[in-house]
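The values are calculated or read from the model by the stated rules, or taken from the named source; none is laboratory data. The model shown is predicted, which means the values in this text are computed figures rather than measured ones. Here Cβ is always computed from backbone atoms with ideal geometry, including for glycine, and neighbour counts include all displayed protein chains. Just so you know, the surface numbers come from the protein's heavy atoms only, side chains and all, with ligands and any DNA or RNA stripped out. Shrake-Rupley method; radii C 1.70, N 1.55, O 1.52, S 1.80 Å.
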Amino acid sequence: MRLGVNIDHVATVREARQIDEPDPVAAAVLVDLAGAYGIVCHLREDRRHIKDRDVYFLREIVKSHLNLEMAATDEMVKIAIDLKPEMVTLVPEKREELTTEGGLEIAGSQEHLREVISQLQKHRIVTSLFIEPDIKQIKASARVQTDYVELHTGRYANLRSKKSISEELEKIKSAAIAASKLGLGVSAGHGLNYQNVHEIAKIREIEELNIGHSIVGRALFVGMEKAVREMMDLIK
Ligand code: PXP
């Protein structure tokens, strides 16, 4: 199973002071040295953490796999086509949210998403849709011909009772199997940490995990390379 490390929150710390450090680009170098599969970052419409300058520097230095999370807007599609990350993950975006709260509601914007996906694919960018682990969303994802879906694990991460956790795990597992049967690549992420990643990592159909907050948080205490290696050991 591959690990993509989301470095947005290195930029969050920088933006707390609105100066030029810590630099998410330096973090990406360390993530790469630790042997992660790739770097993930989210260029939000409001540029609250990652900025345009960051994604262009990241493109220069990330030789492994750059996954750009973005909303399916004209502005972002233009940037992605210019930047040429290996993968674009389309996510819903709400201005007031603290983090990406839910998955995409594909059925409501099927034509638009199909158009955006086709534009990105024409430029040899692999596409992924961030969705809830729900069969309706998976079928709709296949209809709009995305390459991958990323299953939202935020609900799983927030649950506390054993019963509800195991029910949500079953949902994620069935969603991963259904997506894989439809020929979609499968990744997962959001809210995963050193305690809860194990059960998700057991799901064979999931090829890739995208993890940010917990790795950046641990890196404060043990350093970025160690934090990344510890996560890779857990998901192996
Ligand atoms: N995947 C997607 C699509 C996301 O939007 C995020 C958060 O930016 C993540 C994964 C990583 O979530 P976390 O920071 O909670 O690990």
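Mind telling me which of the residues G217, G223 ends up being more than 14 Å from Y37 (Cα to Cα), more than 15 Å from the ligand (Cβ to nearest atom) and open to solvent by less than 60 Å² (accessible area, probe 1.4 Å)?
Values: G217 fails: more than 15 Å from the ligand (Cβ to nearest atom).
Unique residue meeting the criteria: G223.
Is it the case, given these coordinates, that S141 is crowded, with 23+ Cβ neighbours inside 10 Å and within 13 Å of the ligand (Cβ to nearest atom)?
Working: crowded, with 23+ Cβ neighbours inside 10 Å: yes; within 13 Å of the ligand (Cβ to nearest atom): no.
Here the answer is no, as S141 does not meet what is asked.
On the stretch given as the range 163-210, residues that are of a type outside the set (S, T, Y) and open to solvent by less than 30 Å² (accessible area, probe 1.4 Å) total 22.
For the range 32-53, filtering for residues that are under 29 Å from L234 (Cβ atoms) and open to solvent by less than 70 Å² (accessible area, probe 1.4 Å) leaves 13. Would you confirm whether any residue within the range 157-170 is away from the ligand (no atom under 11 Å from the Cβ), in contact (Cβ under 8 Å) with a residue 24 or more places away in the chain and under 23 Å from H42 (Cα atoms)? No, the range 157-170 contains no residue that is away from the ligand (no atom under 11 Å from the Cβ), in contact (Cβ under 8 Å) with a residue 24 or more places away in the chain and under 23 Å from H42 (Cα atoms). Here R160 fulfils each of the conditions (1) surrounded by fewer than 15 Cβ atoms within 10 Å (Cβ to Cβ); (2) under 19 Å from the mean Cα position of the chain (by Cα) apart from (2). Scoring L234 on the criteria (1) out of contact with any strand residue (DSSP E or B) (no Cβ under 8 Å at 6 or more places or on another chain); (2) within 15 Å of the ligand (Cβ to nearest atom); (3) open to solvent by less than 50 Å² (accessible area, probe 1.4 Å); (4) not basic (K, R) leaves a single failure, condition (3).
Return yes or no: is E101 away from the ligand (no atom under 14 Å from the Cβ), within 24 Å of R47 (Cα to Cα), in a loop (DSSP other than H, G, I, E, B) and not polar (S, T, N, Q)? No, not satisfied. Across the range 1-31, the number of residues qualifying as open to solvent by less than 20 Å² (accessible area, probe 1.4 Å), assigned to a helix (DSSP H, G or I) and within 14 Å of the ligand (Cβ to nearest atom) comes to 6.
Is there a residue in the range 106-126 that is among the acidic types (D, E), crowded, with 16+ Cβ neighbours inside 10 Å and free of Cβ contacts under 8 Å to residues at least 40 places away in the same chain?
No.
Of all the numbered requirements in (1) open to solvent by less than 20 Å² (accessible area, probe 1.4 Å); (2) over 17 Å from Q145 (Cα atoms), Y56 misses one, and that requirement is (1).
Kindly evaluate I50 against the criterion of being assigned to a loop (DSSP other than H, G, I, E, B) and away from the ligand (no atom under 15 Å from the Cβ). So I50 does not fit the description; no. Screening G212 with (1) within 17 Å of E101 (Cα to Cα); (2) more than 8 Å from the ligand (Cβ to nearest atom) gives one miss only, at (2).
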